[in-house]
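Please read the structure below before turning to the comments.
FYI, it's all coordinate maths here, none of it is from the lab. If you're wondering where the values come from, they're calculated on a predicted model, not measured in any experiment. When we count neighbours, we look across all protein chains shown, and the Cβ atoms used for this are built from the backbone with ideal geometry, even at glycine.
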Amino acid sequence: MKRKLDHGPDVRPFSSGKKHCKGSNYLSPSSLVPFQTTPTTFGDLRAANGHSAQRRRVTSGPPPSGLQDWLHTFQAWSGSERLLALDDLIDSCESNQVKHMMQVIEPQFQRDFISLLPKELALYVLTFLEPRDLMQAAQTCSYWRILAEDNLLWREKCREEGIEESLVVKRRKTLKPGFLHSPWKSAYVQQHRIESNWRTGDITSPKVLKGHDDHVITCLQFCGDLIVSGSDDNTLKVWSALTSKCLRTLVGHTGGVWSSQMSGNIVISGSTDRTLKVWDAENGECLHTLYGHTSTVRCIHLHDKQVVSGSRDATLRLWDVDSGECLHVLTGHVAAVRCVQYDGRRVVSGGYDFMVKVWDPETETCLHTLQGHTNRVYSLQFDGAYVVSGSLDTSIRVWDVVTGGCVHTLTGHQSLTSGMELKNNILVSGNADSTVRVWDIRTGQCLHTLQGPHKHQSAVTCLQFSRTLVVSSSDDGTVKLWSLATGEWIRDLVALQSGGSGGVVWRIRASNTRLVAAVGSRNGTEETKLMVLDFDLTDNQK
């Protein structure tokens, strides 16, 4: 029974201070020394493992006569003969005798290999564990806990789950000398708890923010703890998600507000009065009024310090947010521009002329006119490589922004695709046919159609999705939560009593921890208001 334990001349010493896992006869790193010979007997193995060859023996009585002769006979046999003899010996033993052999032998082959490895290798091994297994490993002993709390290890686990660094808000806390609590682990645990709250947590009474009288909330933005709603009552309102109070009303437009964008405290709005306005949400000041369009500003998209606007005058304009200057005018559409996307390099627009256009704003040239839709284009997504357009012709088209070619035509919806969201290769589309579909734009395959017994009963008005969840709203007065992976309905987050009789959810916006829904009606059955649901219990308890 041979076991090679020679670690060679490069045996790496372990740093002092490691506390190794407790357990019967576990090997201590300090006992590791290079061996010149390979242990040949069980006694040699015990000595090689740092234990005395004189182990504790059975003391039930004197040894049987002839024991030494029997041992000498056994030692004289060859290895194969010894194995045959042991097989017969084990078969002849009673269960308590076999148990005794196991108690003597097993500890000698138990190795805390994690503690014996250099720290870098031990951490590499732990990267193959699931987070739940890492948390269990941390309960084994103090050294395993130090390894299992490694911040870089948990950063990798967060990266695998798509958890952003912005979640890491806690400073590293020293629990005891020499031990630091991982903020990345805290972020992972926090995200797991928040997602569980979305899926199964108690839905407490939402905070209700009433304003805009009986008007329609046409656009909704949500950044940090600030919510900004725009309405056809010509105003925007800034709300606190924490206190549910209206902090200020942004007054200045002379027509209804139909589009908005928000970054930090800066809000940009577009109106039927043919202007855009740049606001400071902190103090309510109008920083700039952007003149130039000759009809309603129907869509805008903000990137860094520049914003692109599309108008019913069939033109697009690129503006500098800081100065209020119009940098470029893009002409080429022959009907109203309904949707626009801008990534800082290229502008993509869709219009009522059935066309999608790709622009170089610096030269004010149209690089591609993407033709294929047979009706108005209402929605766009653009990730720098692909353009995705949704039309009243019921189709969704995926285009290559470099060549201008149509890569896929996504069919299955029965009506207007009013809203889409694209992340990586996954597209989620909401349609007036009351369904939401999940697509892979690389293959053109529809992965899921979100419907079934709990589907929306009317047109889908808005949607958002994360790495695991889809949130959708509808004219039926509900906000529904779905599994992105399976397409299954999870539950209703909002269900208006007036749903089906006039109550609608016009817009939704969601952060990692909050959902904001803009609800109301056109027949007086539901007050115009915002409903805020919080899924971070920690914040609720503060």
At 7 Å along the Cα-to-beta-carbon direction for both Asp214 and Thr249, put a label point, then send me their distance in nm to one decimal.
-> 1.7 nm
Label model pair Val98, Ser323: point-to-point distance (7 angstrom along the Cα→beta-carbon line) in nm is 8.9 nm
Looks like region 397-447, by Cα gyration tensor root eigenvalues a ≥ b ≥ c and the a/c under 1.5 rounded cutoff (else prolate when a/b is bigger than b/c, oblate otherwise), is prolate
Spin-label proximity, Val407 to region 442-475 - amide N less than 13 Å from point 7 Å beyond Cα toward beta carbon = 442-445
Using the Cα centre as the reference, give the magnitude of the dipole from point charges on the C-beta atoms of region 225-350 (Lys, Arg: +1; Asp, Glu: -1; all else neutral), rounded to the nearest 20 debye.
-> 360 debye
Its Cα gyration tensor gives region 90-156 an equivalent ellipsoid whose semi-axes in whole Å, largest first, are 36, 12, 10
Kindly provide the trypsin sites (Lys or Arg not before Pro) of region 284-316 that DSSP labels as loop, not H, G, I, E or B, and whose Cβ sees at most 13 other Cβ atoms within 10 Å.
-> Lys305
A student applying the Cα gyration tensor rule (rounded when a/c is under 1.5; otherwise prolate if a/b is larger than b/c, oblate if not) would label region 430-542 oblate
Region 211-281: Cα Rg divided by the 2.2 N^0.38 Å rule of thumb = 0.99
Length gain on complete extension for the stretch Gln68 to Thr369, per 0.36 nm per residue less the alpha carbon to alpha carbon distance?
-> 98.6 nm
Classify region 177-260: rounded, prolate or oblate, from the alpha-carbon gyration tensor (a ≥ b ≥ c, eigenvalue square roots; a/c under 1.5 rounded; otherwise prolate if a/b is larger than b/c)?
-> prolate
Sparsely packed chymotrypsin sites (Phe, Trp or Tyr not before Pro) within region 248-344, loop by DSSP, other Cβ within 10 Å at most 14 | Tyr291
Of the listed peptides 212-222, 111-121, what is their order by residue-averaged count of other C-beta atoms within 10 Å, with the highest listed first?
-> 212-222, 111-121
What aspartates and glutamates sit close enough to Lys455 to cross-link, taking a C-alpha to C-alpha distance under 15 Å and skipping anything fewer than 8 places away on the same chain?
-> Asp433, Asp475, Asp476, Glu488, Asp492
Aspartates and glutamates whose Cα lies under 18 Å from that of Lys210, excluding same-chain neighbours fewer than 8 positions away = Asp225, Asp232, Asp233, Glu526, Glu527, Asp534
Looking only at aspartates and glutamates whose Cα falls under 18 Å of Lys119's and that sit 8 or more positions away or on another chain, we get Asp10, Glu149, Asp150, Glu156
Each label sits 7 Å from Cα toward the beta-carbon; between Cys286 and Arg467 the label points are separated, in nm, by 4.3 nm
Backbone HN-Hα couplings from phi across region 353-368 [Karplus 6.51/-1.76/1.60, Hz, Gly and Pro as x] = 8, 6, 9, 10, 10, 10, 10, 9, x, 5, 9, 6, 10, 8, 7, 9
